[in-house]
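Written out below as structure tokens is the structure these notes cover.
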Amino acid sequence: MCCLALLCAAPPLLANPYMETLPNGLKVVVKEDRRAPVVVSQIWYKAGSIDEYNGTTGVAHALEHMMFKGTKKVPAGQFSKLIAAAGGRENAFTTQDYTAFFQELDKSKLPLAMRLESDRMENLLLSEKEFSKEIKVVMEERRLRTEDQPHALLYEKMMSVAFQDSPERRPVIGWMNDLQNMTVGDARAWYHRWYAPNNATLVVVGDVSHEQVFALAKRYYGKIKPAVLPVRKPQVEPEQIGIKRIDVKAPANTPYLLMGYHAPEIRDAAKDWEPYALDVLAGVLDGNPAARLDKALTRDNPVAVSVDASYDDTGRGPGMFVIDATPSQGKTAAEVEAAIRAQLGKVVREGVTEEELKRVKAQVTASHVFQRDSMFYQAMQIGQLESVGLSYEDIDVMLKKINEVTADQVRQVAAKYFTDDNLTVAVLVPQPMKGDGHAK
Amino acid sequence: MPNKLIAGLFLLAVAGAAHATLPIEHWQSASGAKVLFVENHDMPMVDIKVDFAAGSGRDTAEKAGLAGMTRHLMALGAGDLTEDQISGKLADIGAELGGDFDRDVAGFSLRTLTSQRSEAVDLLAKILDAPKFDQKVLDREKTRQIAQIREAEMDPGHIAAETFDKLLYGDHPYGLRGEGEIDTVRAFTRQNVVDFYRTHYVTDREVIAIVGDLTREQAQAVADKLSAGLAAGKPIPPLPEVKLPTSAETKMIPYPSSQSHILIGYPGVTRDDPDYFPLLVGNYVLGGGGFESRLLNEVREKRGLAYSVYSYFYPLERKGPFEVGLQTRKDQTREALAIVRKTIDDYIAQGPTPKEIAAAKDNLVGGFPLRIDSNRKIVDYLAMIGFYHLPLTYLDDFTKKVNGVTAAQIRDAFSRRINPADMVTVVVGAPSGG
């Protein structure tokens, strides 16, 4: 059995992943992974809430829902049924930066996924009747995920204050009033503007040969005409010039604190260094249970029940380094904020230790291996990078760059970005939870 | 703190075997733990799970939350290492420590690079064998736990789930909250924790699952290391039987949210239940099969009343919950509830159509390869097969058993097992049902 396993393991090929761009502009990336007889197919459209206008916020996500509502050949609901009948799983997701659709299937079913996915790239019906039902579902989704979730609500409000001009200030799911006033025409305009092969990347990972996938892609997507894509305005966020604070009242029994510092994103994977230093900084602050914030705030001198730091180094828009915390009973958000500031100040003044640096790098390097256990994750990584202006080829570059970060670089980015002028603080102010007085 | 194992519900829709599936090896460790192993050298990494019969089903009402607290504290100081040293050393070698906690099982999972296996396993062995249960750490974690219980109470979904469990299970330990109650947690003593640990973290019912880049001999050494320091212990008794409800109970809890959270259910199946496969296939049609299911079709597709609506069986050592859930704008509560009830009643009375059964089988059988396409998924199966004494051929037999299910079996199983007249209903949000 040992030998059998060894025989089955495909040796890593230098060219893997493989990439080809069809004449109509569709980029196809294939990663061969023969560990199991399955395949994951994802199509990524470079169209997210960052591309929306005021008045129709949420239309990127609403269109994602409508993509399951039928074409001339495949009536409403049939897409999901056909994939299910093939033993597949499928879904979709929308972010600020992109909208993506995926299927996971037995490897023999890849042509089915390609046929259905390419069909809805150009033949979506978008009927008034289906839209009027589906937009209600989207509003229920907003109630479920945001309106009734005090932490999510606080995050939404914080972002809307932290950013002044950038579309990052608007929630991906859209403002409720925009959803209430959205029409099928809004969805149709969005679809025609962005759903085209030259605005998409097809990512396939699994027990497939790249030649076979390229041939299928040509067959199913090759005839779709490219679109003239609108010019994307840069919409650069002006520099923040003073601390911003917001209180949010919501039914709750525990306060909650969010602190967001504007931060850069990777634009040139090989040349940039600040985003990688910020990655390491997030790891030093919150990368493991022994990391600084948890230790200082929840154990050594407990003022918080929980505390987290997060930073995403990629994205089409501006970035943000976010710290969130729940105060312990009897402690205020202000006390927790002071304790967090003390820890950030310490990094600015004293930097980080070589031991901490080494620890974070060991974790990043190991998780780079662990991630390969999931074909879905591998496809996600490729699709995300391709959709935010980077390349799948940057995956290894980014790992190398993180490993090159020095302790002094970590101190430098802390000093540069952890400043009051660059900070937004949002506090959840609990309101009574009893009764029914707050129905929307 | 450990949460209820939500992932468990997917296990029901899981499992199956089309090919000569997985070469599972199994044996008993030198000190009596059950070991399951799949060798795989595709990647330089190893996944390990160690599970015990130490979930919240082992709690009592007076000490609700003790099982979870014990599991949580084990990794916070062991042998000569403080909590910071344990997590620091794990981070230094890039290893990931996690674990499951549900009504039946408490355990640890470890993911490590092959090159760091030995150090990672030594750390896990220390956590299992010699937890310190430091008084200061216990006091601190009690305070934190109480705050988290309070915080969870501002989530209408959480309030609904907790109320549902209590109504469904009454005095049975499955009705207890895994995280405990504020009063019970406050009263925990160090001795309580030590006693719980000594009784439950023993090789009786210990299951070790290993997948990845090591040989059988190396796996044997790992398993011995992860069980040698534990006592054999007294046999852990089976959990009490679940009593079925004798009348419908409904609880409406007003909450200042924009939606009502609705849960409807009944005690469902055991992991080794003879009705398992008819109910699995049958539930796919009712509310397990996403866009193919009747519930999603009636509630979401036809009427736009909810984003999420589902049904599932969560199989456990004793009858785990059969649960139907949805969330809808408050003023639609009554309408949604009526549609869901009618859908359930009709389904139990009439069963699925031949077309629906065929669709369910197509998905469950055709999707089998996806259920074991990563080491993580495989190690979860090994642990489950071991803990619940399922046959080692469980995965090989899965598709055959799914294919063998008939419409008559589904109708028969649902009508015997789910009495719609006695179901439990919880609504959090609307003051009086909309």
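Each value in this text was obtained by applying a stated rule to the coordinates, not by laboratory testing. These numbers come from a predicted model, not from an experiment. A quick note on method: Cβ atoms are made from the backbone with ideal geometry, for glycine too, and the neighbour counts reach across all protein chains shown.
Of note:
- Estimated D of region A:363-414 in µm² per second, where Rh is the Kirkwood radius over Cα pairs and Stokes-Einstein applies at 10 °C, 1.306 mPa s: 128
- Span-like helix ranges in chain A, DSSP H, alpha carbon extent 27 angstrom or more, Kyte mean at least 1.6: none
- Value of relative contact order over chain B, rounded to a whole percent, pairs C-alpha under 8 Å and six or more apart: 25
- Listed residue (A:Val39, B:Ala54, A:Tyr221) projecting farthest to the positive dipole end of the protein assembly as shown, Cβ model: A:Tyr221
- Listed from fewest to most Cβ neighbours within 10 Å, the set A:Phe101, B:Phe108 follows the order B:Phe108, A:Phe101.
- Distance between the modelled labels on B:Thr189 and A:Glu354, one decimal in nanometres: 5.0 nm (7 Å Cα→Cβ projection).
- Going by neighbour counts of Cβ atoms within 10 Å, the residues B:Leu382, B:Leu167 line up, fewest first, as B:Leu167, B:Leu382.
- Normalising the Debye intensity of region B:291-342 to I(0), with uniform scatterers on Cα atoms only, and taking log10 at q = 0.15, 0.17, 0.19 Å⁻¹ returns -0.43, -0.53, -0.63.
- The per residue volume of the convex hull around the alpha-carbon atoms of region A:244-320 is 122 Å³.
- Across all directions, the shadow cast by the convex hull of region A:1-159 built on its C-alpha atoms averages 13.7 square nanometres.
- When region B:23-225 is reduced to its Cα atoms, the Kirkwood hydrodynamic radius in Å: 18.0
- Peptide A:35-42 is shielded by partner chain Cβ atoms: per residue, an average of 4 of them sit within 10 Å of its Cβ.
- From least to most packed, judged by other beta carbons within 10 angstrom and beginning with the fewest, B:Ile357, A:Ile241, B:Ile264 follow the order A:Ile241, B:Ile357, B:Ile264.
- Across chain A, Cα pairs under 8 Å and at least six residues apart give a relative contact order of 21 percent.
- When the charge dipole of region B:249-429 is built from unit charges on Cβ atoms (+1 for Lys and Arg, -1 for Asp and Glu) and taken about the Cα centre, the candidate among B:Leu395, B:Gln409, B:Pro352 whose Cα reaches farthest toward its positive end is B:Pro352.
- Axis angle, to the nearest 10 degrees, between helix B:156-169 and the longest C-alpha principal axis of chain B: 90 degrees.
- For region B:23-225, size of Cβ-based charge dipole, Lys and Arg +1, Asp and Glu -1, in debye: 440
- Relative contact order (percent, whole number), region B:263-348, Cα cutoff 8 Å, 6+ residue spacing: 34
- Here is the tail figure for region B:249-429: Cα pairs spaced more than 27 Å apart come to 31 percent of all pairs.
- Given +1 at the Cβ of Lys and Arg, -1 at the Cβ of Asp and Glu and no other charges, the dipole of the protein assembly as shown around its Cα centre is 1720 debye to the nearest 20.
- Percent of alpha-carbon pairs separated by more than 21 Å within region B:333-434: 57
- The C-alpha radius of gyration of region A:104-246, expressed as a fraction of 2.2 N^0.38 Å, stands at 1.38.
- Computed over the Cα atoms of chain A, pair by distinct pair, the Kirkwood hydrodynamic radius stands at 23.7 angstrom.
- Over all pairs of different C-alpha atoms in chain B, the reciprocal of the mean inverse distance, the Kirkwood hydrodynamic radius, equals 22.8 Å.
- Whole-number D in µm²/s for the protein assembly as shown (Stokes-Einstein; Kirkwood sum over Cα pairs; 25 °C, 0.890 mPa s): 86
- Treating each Cα of region B:198-342 as an identical point scatterer and summing with the Debye formula, the log10 of I(q)/I(0) at q = 0.13 Å⁻¹ comes to -0.79.
- Extent along principal axes [Cα atoms of region A:244-431; Å; largest to smallest]: 49, 35, 34
- Only Lys, Arg (+1) and Asp, Glu (-1) charged, at Cβ; region B:249-429 dipole about Cα centre in debye: 320
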